[in-house]
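These notes are about the structure you will find just below.
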Amino acid sequence: MTDLSAADPGFGRPKRSILTASDRMRRRNAAETRFKLYGVIAITISLTMLAIMLFTIFRDGVSSFYQARLAFPMELSAETLDPKGNRNRDEMAKVTTIGYQKVLAAAFKAELDRRGIAQEGVSDKEIGELISKDAAGQLRAEVLANPALIGTTIDASVLAAGRIDGYLKGRVTLETAERDSNVTPDQLRLAEQLRAAGMLTSSWNWGEAAGLGVALLGSAYMMLMVLVMCVPVGVAASIYLEEFAPKNRWTDAIEVNISNLAAVPSIVFGILGLAIFINFAGLPQSSSIVGALVISLMTLPTIIIATRAAIRAVPPSIRDAALGVGASKMQTVFHHVLPLAMPGILTGTILGLASALGETAPLLLIGMVAFVDNYPSAPPEGFLDPATALPVQVYSWASRADPAFIERSNGAIIVLLVFLVVMNVAAILLRRRFERRW
């Protein structure tokens, strides 16, 4: 080293102020700025697509919760509904919905005549077609539940036909009716007169006629059983594997298989459930118990992985401190480790159940499509009765060409989203409730 280089360590380099950015620093800052911009653009696009999706679903689905109804007085003639006059429920049940449909159509026609509403171009059959076919089933169920209604005059409020409902919602017009075989322009003009007379209104549809209520009940039954079967087994297996199981090739194989099962497509679990629970074990097809068993098999690996991650996140110092003051292994796990891991366990469990709530493919394979076309059959009374689920109902409606079913599928999606939001909010609240600092 020469005297000149020793005297000046920066010999041969241009001197710069630390307040002046070099070209390399400017390039680094520009790259960081671009990266932040890319992130903002990605988040903006994601939120925009989510907003568009939610807007479309709510725009097309909110109207499904309202249904057109026809109000008119109706005499429940004993000659038609109870010919023998015994008020015997079994004998009255022999009168099918066709007989009730005729009573509804006759009473509706009589009220139109009494009010003097013009019916040009509309035959008596077409007048009866303004009433929904589901109305006869609802009336029959009410009469069989209360035979004392026979012989009385009631103020009926029945569902209107789907095309009439679509006309009130703007989905059906006079122009489209000219090309529609299910409704005529004259029927729509008559519907306009009925609306002006107050006989045709649109109101909140508490008694959903296409199966949403039964699907909701079926999903509730199924998720209740999944909760009972999955959570204890999943948490217990996680505690054993993470805290008590010896580390050898057998436990390594179990861990690998659990991770692999979490990545198996859901439709494979449907095939497994069809082969084992229905064909081999002989459990009733379409029942909630079979659906719960299939969903449990699919959800269990997710719960185990989430629970093990939560237990593993507890610092080893907590275990060492508990063991150092004389606690046993069991006391250390259940008195110290689990309380600290509980927020993560609850969050992972609820999110796993929320994901399982939206599964469709495995439920389709085991035939959980009951009560879609046989309304007004009673809802499932037990876990072995045939049932359906919300995702299956959404798929069934969305696969139909009728715009009314597309509207109802969006309405069912809204209900499903509400359930998912509630479950995610519950996960957040439980996490905050059980969260502990160390």
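Here, each number is a calculation from the coordinates, and none is a lab measurement. Owing to the predicted nature of the structure, the values given are computational and were not obtained by experimental measurement. Reconstructed Cβ throughout: ideal geometry from the backbone, glycine too, with neighbour counts over all protein chains shown.
Give the lysines reachable from LYS329 as a straight Cα distance under 17 Å; neighbours fewer than 8 places away on the same chain don't count.
In chain and number order, the partners are LYS247.
Among VAL95, VAL235, which comes first, second and so on when ranked by fewest other beta-carbon atoms within 10 Å?
Ordered by Cβ neighbours within 10 Å, fewest first: VAL95, VAL235.
Once each part is reduced to its C-alpha centroid, what is the distance from segment 77-155 to segment 302-342 in angstrom?
One Cα centre to the other: 67 Å.
Rounded, prolate or oblate for the chain? Axes are the square roots of the Cα gyration tensor eigenvalues, ordered a ≥ b ≥ c, and the cut-off for rounded is a/c under 1.5.
Oblate is the answer for the chain, as a/c is 1.5 or above yet b/c matches or exceeds a/b.
Apply the Debye scattering formula to segment 180-321, with a single equal point scatterer on each alpha-carbon and no solvent, then give log10 I(q)/I(0) at q = 0.10, 0.15 Å⁻¹.
These q points yield log10 I(q)/I(0) values of -0.58, -0.89.
Whose amide H sits under 5 Å from the amide H of ASP385, counting only residues 5 or more places off or on another chain, with H placed in the peptide plane?
For ASP385, the qualifying residues are SER288.
Can you compute the FRET efficiency between ALA327 and SER399 using 1/(1 + (r/R0)^6), with r the Cβ-Cβ distance and R0 = 56 Å? Round to the nearest 0.05.
0.45
Quick check on segment 212-434: what does the Kirkwood estimate of hydrodynamic radius come out to from the alpha carbon pairs, in Å?
19.0 Å
Pairs of alpha-carbon atoms within less than 8 angstrom and 6+ residues apart define the contacts here; what relative contact order does segment 212-434 have, in percent?
Over segment 212-434, the number comes to 30 percent.
Stick to Cα atoms and the Kirkwood definition of Rh, then tell me Rg/Rh for segment 70-203.
Looking at segment 70-203, the ratio lands at 1.01.
For segment 139-217, which chymotrypsin sites (Phe, Trp or Tyr not before Pro) are in a loop by DSSP, counting at most 14 other Cβ atoms within 10 Å?
TRP206
Could you compute the FRET efficiency for ALA197 and THR152, with r as their C-beta to C-beta distance and R0 at 25 Å, rounded to 0.05?
Efficiency, from the Cβ-Cβ distance: 0.55.
Exceeding 18 Å between C-alpha atoms, which entries from my cross-link table qualify? They are LYS84/LYS133; LYS84/LYS125; LYS102/LYS125; LYS109/LYS169.
Flagged as over cut-off: LYS84/LYS133; LYS84/LYS125; LYS109/LYS169.
Using the alpha-carbon centroid of each, what span in Å lies between segment 24-66 and segment 385-410?
Value for the Cα centre distance between the two parts: 30 Å.
Can you list which of the trypsin sites (Lys or Arg not before Pro) found in segment 86-149 are DSSP loop residues with at most 11 other C-beta atoms within 10 Å?
LYS94
Can you bin segment 66-123 into rounded, prolate or oblate? Criterion: square roots of the alpha carbon gyration tensor eigenvalues sorted a ≥ b ≥ c, rounded for a/c under 1.5, prolate for a/b above b/c, oblate for the rest.
prolate
Quick check: Cα centre of segment 236-251 to Cα centre of segment 166-185, how many Å?
65 Å
Take every Cα pair under 8 Å in the chain that's 6+ residues apart, average their separations, divide by the length, and report that relative contact order as a whole percent.
For the chain, the relative contact order is 19 percent.
Mind listing which GluC sites (Glu not before Pro) in segment 112-185 are in a DSSP loop and have 14 or fewer other Cβ atoms within 10 Å?
In loop regions of segment 112-185 (DSSP not H, G, I, E or B), the sparsely surrounded GluC sites (Glu not before Pro) are GLU120, GLU178.
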